[in-house]
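One structure below.
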Amino acid sequence: STEFTGEIPANPETNTFWAVYPYRESTTFDGEEIVIELPYEQVAKKGSFCDDLFISVAKSNSQHFYFRNVCGGIQFTVSTPGIRQVTLRSAGDCFLAGKLHIRFREDNIPYVSSVDAGNTSISVTAPDGEAFEVGTPYYIVAIPSDQSFFSLIYRTNSDYAEYKTSSPNSIKRSVFAKLLDKDTDLDFNESKATFEFESSSSWLPWTPEE
């Protein structure tokens, strides 16, 4: 269990309490939905994801809260030394990040009803200004989406390579798809641009839920 402290908003008409993690000053609540941003620029964490990325929400008629995950994403590893950024891109108009409007179904499962300022790609930079460790799992957190073709773009300081999925896939809530060592056998091309990165703070079930 985890202990949270802070103010708990309640709908005065239904006496329903809502809660969201992580805390962001820009997060809003209007009595019907939570609006919170999932950034399209993320910083990786070895074996996991940064604590402020994986959005969870709860809705309760008491002060006992069961938080459910809102997002999903992918787990990836690299086999090529020197990769410092990985970008997940949707081939269509499928938003992967942006300002999420979150509501609850009748069974109390959260869903993203709409997205403002949506972005069809998410770029993840290796932590501490270094390169991704070969064979170490990292995660990209994304909005659940319908079926789409996706690509992974791998970047070093000066080169890049792109992997494209051969069939459409969905990003499911609370689930991470494995895209492991997809840079293997790719041809890295020299880019006309020089990339400088600044560090800042099959399906794989992540959190079993009913």
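Coordinate-derived values only; no laboratory data. Bear in mind the structure is a predicted one, so any value in this text is a computation, not a measurement. All Cβ positions, even for glycine, are placed from backbone atoms using ideal geometry, and neighbour counts span all protein chains on display.
Can you give the net charge of the other residues whose Cβ lies under 10 Å from the Cβ of Phe132, counting K and R as +1 and D and E as -1? Kindly include the intermediate steps, with their values, before the conclusion.
Numbers: positive: Lys46, Arg84; negative: Glu130, Glu133, Asp183.
Computed value for this residue: -1.
Once you have the Cα-Cα distance between Arg103 and Gln63, take 0.36 nm times their residue separation minus that, and quote the gain in nm to one decimal. Don't skip to the end; give the middle numbers.
Working: separation 40, 0.36 × 40 = 14.40 nm, distance 1.91 nm.
Stretched fully, the Arg103-Gln63 segment lengthens by 12.5 nm.
Out of residues 5 or more away from Ile55 or on other chains, whose amide H comes under 5 Å of its own, with H placed 1.01 Å from N in the peptide plane?
Val70, Cys71
How long are the three semi-axes of the equivalent ellipsoid for segment 1-141, computed from the Cα gyration tensor as the root of 5 times each eigenvalue, in whole Å, largest first? Show your work: numbers first, answer last.
Details: eigenvalues 203, 56, 29 Å².
Three semi-axes, in Å: 32, 17, 12.
If you take the beta carbon distance between Ser166 and Glu190 as r and set R0 to 41 Å, what does 1/(1 + (r/R0)^6) give as a FRET efficiency, to the nearest 0.05? Let's see the in-between values first.
Working: r = 26 Å, r/R0 = 0.64.
Efficiency computed from Cβ-Cβ geometry: 0.95.
Summing Lys, Arg as +1 and Asp, Glu as -1, what charge do residues with Cβ under 11 Å from the Cβ of Ser148 carry, Ser148 excluded? The partial results should precede the final answer.
Working: positive: Arg89; negative: Asp93, Asp146.
Net local charge, Ser148 excluded: -1.
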